[in-house]
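Each remark here refers to the structure printed beneath this line.
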Amino acid sequence: MLEELKKLVYEQNMELPKRGLVTYTWGNVSGIDRESGLVVIKPSGVDYETMKPEDMVVVDLDGKVVEGHYKPSSDTPTHVELYKAFPEIGGVVHTHSSWATSWAEAARSIPCYGTTHADYFYGTIPCVRNLTKEEIEEGYEKNTGLSIVEAFKDNNPVYCPGCVCANHGPFTWGKDPKEAVHNAVVLEEVCKMAARAEALNPEIKETPQAMQDKHFYRKHGANAYYGQN
């Protein structure tokens, strides 16, 4: 079932340690087949060194296992809520990459300080609020997803394909698992550069809006001209 998607999700999970985004098993990638409404996700706590494509777990949009001999990632309910709320996306990534997680632990959104940020994320990358005690106890992972959805109520999830969750870590997404991982790599670099920029200049200002618009829309706008046709 969904063998091609399993292979893609496996390959993109393997990108996480290769790109320095995960330590041990601290991360997961998923992908959705929109036609069937089924999600393929990394199994929970399985070492990357031993993981195989056939170990990927298939779940439905209620998070119930449809196929797989392992338990799915503990973050599955978060991924599912994002797929339900953001119909444009086809892949989700969660890591505890050190620079992005540092901003999460500081409970800070990431301002746009340069064109690298603006090339991929339009405007400030939000820090999602902490969950209440009740939300944590009644369904921590599901409510993490719902809190991300809440944070994007007035924000386009395609224009800003990621966030950090306060005291937790980053989530990114994209049109497919490969793009979601690409965005996770970029988010980590953007967080690193933003932290260094603030250290170098404590009075730093955000990039002028005209420059932000130019860099974002030349790659993503209706008249985008970056790259090859």
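Table for the structure above
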quantity	calculated
Qualifying positions in segment 129-163 - open to solvent by less than 40 Å² (accessible area, probe 1.4 Å) and under 16 Å from Asn183 (Cβ atoms)	Ile148, Phe152, Pro157, Cys160, Pro161, Gly162, Cys163
Test: residue in segment 189-209 that is open to solvent by less than 30 Å² (accessible area, probe 1.4 Å), without any contact (Cβ under 8 Å) to a residue 40 or more places away in the chain and not aliphatic (A, V, I, L, M)	no
Residue among Pro77, Pro53 that alone is more than 16 Å from the chain's Cα centre (by Cα), at negative phi and open to solvent by less than 60 Å² (accessible area, probe 1.4 Å)	Pro53
Flag for Ala166 being surrounded by 24 or more Cβ atoms within 10 Å (Cβ to Cβ) and either under 16 Å from the mean Cα position of the chain (by Cα) or of a type in the set (Phe, Trp, Tyr) (or both)	no
Output for segment 214-223, where each listed residue is open to solvent by less than 100 Å² (accessible area, probe 1.4 Å) and either farther than 11 Å from Cys112 by Cβ or part of a loop (DSSP other than H, G, I, E, B) (or both)	Tyr217, Arg218, Lys219, His220, Gly221
Strands (runs of 3 or more DSSP E) wholly inside segment 1-88 containing at least 3 residues that are modelled with pLDDT under 95	none
Checklist (1) more than 17 Å from Gly174 (Cβ to Cβ); (2) open to solvent by 10 Å² or more (accessible area, probe 1.4 Å); (3) touching a strand residue (DSSP E or B) at 6+ places or on another chain (Cβ under 8 Å); (4) not β-branched (Val, Ile, Thr) applied to Ala104, failing item	(2)
Candidates Val186, Val158, filtered to the one that is at pLDDT 95 or above and within 17 Å of Ser97 (Cβ to Cβ)	Val186
Flag for Tyr122 being open to solvent by 60 Å² or more (accessible area, probe 1.4 Å), among the hydroxyl-bearing types (Ser, Thr, Tyr) and at pLDDT 95 or above	yes
Total residues in segment 156-187, condition outside any strand (DSSP E or B), more than 24 Å from Leu5 (Cα to Cα) and out of contact with any Gly (no Cβ under 8 Å at 6 or more places or on another chain)	4
Cross-chain or 6+ apart pairs with Cβ under 8 Å, segment 106-119 first and under 15 Å from Asn167 (Cβ atoms), then surrounded by fewer than 18 Cβ atoms within 10 Å (Cβ to Cβ)	Ala107/Asn130; Ala107/Asn167; Ser109/Thr124
Residues of segment 29-50 classified as open to solvent by 10 Å² or more (accessible area, probe 1.4 Å) and either basic (Lys, Arg) or touching a residue at least 40 places away in the same chain (Cβ under 8 Å) (or both), total	2
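The values are calculated or read from the model by the stated rules, or taken from the named source; none is laboratory data. This is a predicted model, so every value here is computed, not measured. No Cβ is skipped: glycine too gets one built from the backbone with ideal geometry, and neighbour counts run over all protein chains shown. Surface areas here come from the heavy atoms of the whole protein model, side chains and all, with no ligands, DNA or RNA. Shrake-Rupley method; radii C 1.70, N 1.55, O 1.52, S 1.80 Å.
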